[in-house]
Amino acid sequence: MDLLGPDFAKARYWTEFDEQGERLVMPIRRSWKVVGGTLAGFGFMIVKMHALFEHEPGWFEYTAFAGLIGGALYLVLIILTSLLTRETIQIRNGELVHGWRLFGLKREKRYRLAEVFDLGISNDEQAASLEKLVSPLKDFGKAGVVSFDFRGETVGMGAGLDEAHGQQVIEWIARRAPRGVLTR
């Protein structure tokens with residue numbers, strides 16, 4: 001696949017082949033800056049925890065501590081899944097198969113190509129330009145540079161792409177679709 005664009009080093013996506021055909025694989029992490037900022041903020045919270053326990057802790061301090069630990073575990077889970085998960089796109093049996101893989105775990109959604117319309121770069125330019133921490137657990141099919149309409153809903157994919165690479169993904173899908181996919 002000819003991977004061109006303004007910053008090829010950021011894209012790092014590739015194609016894989018197996019018995020089911022060709023699959024486009026992309027990391028979902030958009031930026032190390034987001035992950036680093038999140039970890040720095042969490043570290044700051046932990047350093048400031050000693051202020052809560054300068055006196056005999058009461059129910060409020062214990063509740064605040066439990067909330068911080070719960071929030072920290074949630075952030076660590078999102079960070080790990082964001083760093084290690086790979087988003088996949090495949091055309092198979094007249095369907096667009098969009099999914100993610102994390103080690104042995106995987107999740108897929110299938111969209112009949114006959115019902116996929118308006119495939120193109122996401123209209124929400126502000127959301128597409130912002131670097132964010134994307135989690136496959138809560139953002140799957142919601143966030144992404146590439147979007148399409150399926151049965152009245154907008155589906156997003158390619159959360160780790162810029163617009164130039166998103167355009168290449170659109171062309172990759174259009175070339176492999178057995179019938180013409182309606183693009184913008």
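The values are calculated or read from the model by the stated rules, or taken from the named source; none is laboratory data. As the structure is a computational prediction, the values presented were derived from the model and not from experiment. So basically every Cβ, Gly included, is an ideal-geometry build from the backbone, and we count neighbours across all protein chains shown. These accessible areas exclude ligands, DNA and RNA; they are computed on the full protein's heavy atoms, side chains included. Shrake-Rupley method; radii C 1.70, N 1.55, O 1.52, S 1.80 Å.
When region 37-68 is limited to residues that are in a helix (DSSP H, G or I) and open to solvent by less than 40 Å² (accessible area, probe 1.4 Å), the one that is modelled with the highest pLDDT turns out to be A64. Taken over region 80-108, the criterion of being in a helix (DSSP H, G or I) and either open to solvent by 30 Å² or more (accessible area, probe 1.4 Å) or in contact with a Lys or Arg (Cβ under 9 Å, 6 or more places away or on another chain) (or both) is satisfied by L80, S82, L83, L84.
In region 118-161, which residues are of a type outside the set (A, V, I, L, M), open to solvent by 50 Å² or more (accessible area, probe 1.4 Å) and modelled with pLDDT under 80?
Taking region 118-161 as the starting set, the residues that turn out to be of a type outside the set (A, V, I, L, M) are 118, 120, 122-126, 129, 131-132, 135-136, 138-142, 144, 147-154, 156, 158, 160.
In the following step, the residues that additionally are open to solvent by 50 Å² or more (accessible area, probe 1.4 Å) were identified as 118, 123-126, 129, 131-132, 138, 142, 149, 151-154.
N123, D124, E125, Q126, S129, E131, K132, K138, K142, listed by residue number.
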